[in-house]
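What follows draws every value from the coordinates through simple rules; no lab data is involved. Computed from a predicted model, the values in this text were never measured in an experiment. We place every Cβ from the backbone using ideal geometry, glycine too, and count neighbours over all the protein chains shown.
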Number of protein chains: 2
Amino acid sequence: MEVVNIEEPNIPASIAVAWGLRDRPGKGPRPGLSLPQIVQAGLDVARAEGLAAVSMARVAKEVGVSTMALYRYVAAKDDLLDLMQDAAYGQPPEAPADKDWRGGLTEWAWAILHALRKHPWVLQIPVSGPPLLPNQIAWLERGLTCLGSTGLAESQKLSVVMLLSGYVRQWASLSIAVGAAGPDQAARYATTLARVIDPVRFPAVSAAMAAGAVDDEWDGGDAEFVFGLDRVLDGIAALTHARP
Amino acid sequence: MEVVNIEEPNIPASIAVAWGLRDRPGKGPRPGLSLPQIVQAGLDVARAEGLAAVSMARVAKEVGVSTMALYRYVAAKDDLLDLMQDAAYGQPPEAPADKDWRGGLTEWAWAILHALRKHPWVLQIPVSGPPLLPNQIAWLERGLTCLGSTGLAESQKLSVVMLLSGYVRQWASLSIAVGAAGPDQAARYATTLARVIDPVRFPAVSAAMAAGAVDDEWDGGDAEFVFGLDRVLDGIAALTHARP
DNA sequence: GCGTATCTGCGTATGATATACACAGATCTA
DNA sequence: TAGATCTGTGTATATCATACGCAGATACGC
C-alpha cells in the first residue's frame with residue numbers, strides 16, 4: 001500500500017487518501033494500523049499537549065509503532081496535519097429544515113466556532129489552500145444549502161460562505177489566543193500598552209482604550225462574536241434584498 | 001544589552017524591544033548590528049526563499065554574523081518573526097481627510113491587501129495574539145479613525161476594524177494559496193474534486209462547481225475581494241443607519 | 001590611568017526534528 | 001511452491017533552535 005497514487009499524479013497525497021482513492025492490492029502483509037487510528041492519535045496528542053508536541057515520533061509512540069511505520073500511511077507530516085484538521089472539524093450537524101437562510105447560517109457559524117473551541121490547535125496549522133477534504137466539503141455543502149432559497153448566484157453563495165467561515169476562524173483565533181494568555185496576562189498587556197501608546201500619535205486607539213473597549217469589556221465572550229456575525233449577515237441581507 | 005527587561009517582567013520581549021523599551025547601559029562594546037538590520041535580513045530571506053527558509057543560521061549568514069550573535073538582539077526566533085511581521089505591514093498610508101468612513105475603510109482594506117500581497121509569507125506566521133506591535137497599532141489607529149464620525153461605541157469600532165482586517169487577511173490567505181499553486185494546478189484540483197464529490201451527498205457543492213463558481217471564474221481577482229468587502233461594509237452601514 | 005564589571009560575538013554542544021534508505025519477515029498471486 | 005510485494009523497523013543524515021562558556025572589547029568608578 002503505497003500512499004502515492006500513480007493514476008492521480010498531481011493530487012496532494014493527503015487528499016487522495018482522505019477520499020479513499022487508494023488501490024488495495026492486498027499483496028503483502030495486512031496493515032496493522034489504520035489511518036483513522038493514526039489521525040486519532042494525533043488528535044489526542046494535540047489535545048493533551050498542543051500542536052507543537054505533535055511530532056511523528058510522538059504520534060508513533062502513541063499508537064505503539066516505530067516512527068517510520070507512520071510513513072506507510074502518510075506521505076509527510078503535513079498530510080497528517082491536514083487529516084487531523086479535517087477530523088477536528090468533524091461532520092457538520094444536520095440542518096434543521098425549518099430555518100431561513102439567516103438562522104441556518106447563524107447556527108452553522110456557531111457550530112464552526114464550537115468545533116474550533118474544542119480543537120484550538122487547528123488554528124495554528126498554516127492555511128495550505130482551499131478546503132478540499134471530506135469534512136470540510138461537508139461543511140461547505142451545509143453552508144451553501146442555507147443559501148439555497150436566496151436566489152444568489154452560485155459564485156456569490158460561495159463567496160458568502162467563505163466570508164462567513166473566514167470570520168469565524170479569524171474571530172476564534174483571536175479569542176483563543178487572548179483566552180489562552182489568561183485574564184491577568186491580558187490585563188498586563190493592556191496596562192503596558194496604555195503606557196506605551198502615545199495619545200498624540202494614536203488618539204483613536206487611546207480613546208478606545210480609555211473607553212475600556214480594549215481590555216475591560218473584552219472578555220472574549222459571545223457578545224463580540226455575535227456582533228461581528230450580525231454585521232456580516234446584515235451585509236448579506238442587504239444583498240438578498242437588492243436581488244429578490 | 002540584554003533583551004529581557006527587568007522592569008517589565010511579564011511582557012513578551014519582542015514587544016518591549018519593538019517599542020524601544022530598553023535600557024542602553026553602554027557598558028560593553030558597541031553592538032555591531034542593529035535590530036532593524038536583522039529584521040530586514042529576515043525580510044530579504046523570506047521574500048527570496050520563503051518563510052520556511054528563515055532560520056536563525058540563514059539570517060545570521062545574511063547579515064554576516066554567526067548564528068548565536070542574533071540572540072544578543074532577539075530572545076527567540078518567534079520574536080524575530082513577530083518583528084518581521086510588523087515590518088512587513090509597514091506604516092499605513094496617510095488618511096485622505098476628505099473621505100467618508102466607507103471610502104476610508106475601503107482604501108484601508110486595499111492597503112492591507114497590498115501589504116500582504118507584497119509579503120505573502122506573513123500569512124504563514126501563526127497568529128500569536130492580538131496586534132500589539134507599533135505598525136500594527138498604527139494600522140489599527142488608521143482604521144479606527146475612519147469610523148470617527150459614525151457615532152459608534154468604541155467597542156463597536158474596535159470590533160468593526162477587527163472584522164475587516166480579519167476578512168482581508170483571510171481572503172488574502174486563500175487567494176495567495178490558490179495563486180501560488182498556479183492555474184494548471186488549480187484546474188487539476190477542480191477536476192479531481194469534480195470526480196470525487198458525490199452529487200447526491202453534496203448537491204450544493206456540485207451545483208456550485210457545475211456553475212463554474214469553484215474554478216473557472218475564480219481567478220483570485222479583485223472582483224471577489226470587492227464582493228466580500230462590500231458585504232462587510234454593507235453590514236456596518238446598516239449599523240450606522242440604525243444608530244444615527 | 002587603572003581595575004573591574006559588563007557587554008559583544010563566537011564556537012561548541014545538545015537535543016529534537018523530519019525523513020531517506022535498506023533490510024527482514026509476512027503475505028498473497030501465479 | 002516461487003516470486004513479487006507490502007509492512008514494520010533500525011539506522012543514518014541533515015537541519016534546526018538554543019544553552020553554555022570563553023575571549024576580547026569597552027566604559028564607569030576610583
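Distances from residue A:153 to itself in the other copies, using label points 7 Å out along the Cα-Cβ axis, amount to 3.8 nm in increasing order. Each Lys and Arg adds +1 at its Cβ and each Asp and Glu adds -1 at its Cβ; summed about the Cα centre, segment A:13-88 shows a dipole of about 360 debye. The 3J(HN,Hα) values that the Karplus relation (6.51, -1.76, 1.60; θ = phi - 60°) gives for segment B:90-99 are, in residue order, x, 7, x, x, 5, 7, x, 6, 9, 10 Hz. Gly and Pro appear as x.
The chain B residue nearest the rotation axis shared with chain A, using its Cβ and rounding the distance to whole Å, is B:235, 2. Counting only DSSP H runs of at least 4 residues, each contributing -39500 (n - 2.57), and dividing by the residue count of chain B, the helix-based mean residue ellipticity at 222 nm comes to -19000 deg cm²/dmol.
Using the alpha carbons of segment B:96-242, what is the convex hull volume per residue in cubic angstrom, as a whole number? Walk me through the numbers before you get to the answer.
Values: hull volume 22.6 nm³, N = 147.
Normalising the Cα hull of segment B:96-242 by residue number yields 154 Å³.
As a calculated quantity, the FRET efficiency between residue A:241 and residue A:100 at R0 = 22 Å, using C-beta atoms, amounts to about 0.95.
Taking label positions 7 Å along the Cα-Cβ direction at both residue B:27 and residue A:57, the computed distance is 3.9 nm, reported to one decimal.
Ranking A:240, A:81, A:114 by how far each Cα lies toward the positive end of the dipole of chain A (charges on Cβ) leaves A:81 at the top. Just report the Cα centroid separation between segment A:173-207 and segment B:50-95, whole Å. Rounded to whole Å, the Cα centres lie 23 Å apart. Sparse packing (at most 11 other Cβ atoms within 10 Å of the Cβ) combined with a DSSP loop state is found for the following GluC sites (Glu not before Pro) in segment B:93-143: B:94. Taking the Kirkwood radius as Rh and the Cα radius of gyration as Rg, the protein assembly as shown has a ratio of Rg/Rh equal to 0.97. Averaged over the residues of B:117-128, the number of partner chain Cβ atoms lying within 10 Å of the residue Cβ comes to 2. Could you pull the copy-to-copy label distances for residue A:77, with points set 7 Å along Cα to Cβ, in nm to one decimal and sorted shortest first? Label point to label point, same position, other copies: 1.0 nm. Taking Cα pairs under 8 Å and at least six residues apart, what relative contact order does chain B come out at, in percent? With pairs under 8 Å counted, the relative contact order is 17 percent. Temperature 37 °C, viscosity 0.692 mPa s: under these conditions the Stokes-Einstein estimate for segment B:13-88, based on its Kirkwood radius over C-alpha pairs, is 259 µm² per second.
Relative to the other identical copies, residue B:47 shows label-point distances of 4.5 nm, where the label point lies 7 Å from Cα along the Cβ direction and values run shortest first. Rounded to the nearest 20 debye, the dipole size of chain A about its Cα centre is 560 debye, using +1 on the Cβ of Lys and Arg and -1 on the Cβ of Asp and Glu. Here r is the Cβ-Cβ distance between residue A:72 and residue B:187 and R0 is 45 Å; the resulting FRET efficiency, rounded to 0.05, is 0.90. Springs between Cα atoms under 10 Å define the GNM used for chain B, and in it the highest mean-square fluctuation of B:78, B:198, B:100 occurs at B:198. Fully extending the segment from residue B:91 to residue B:200 would add 34.2 nm, taking 0.36 nm per residue of separation and subtracting the current Cα-Cα distance. Applying the criteria of a DSSP loop state and at most 14 other Cβ atoms within 10 Å to the trypsin sites (Lys or Arg not before Pro) of segment B:67-149 yields B:99.
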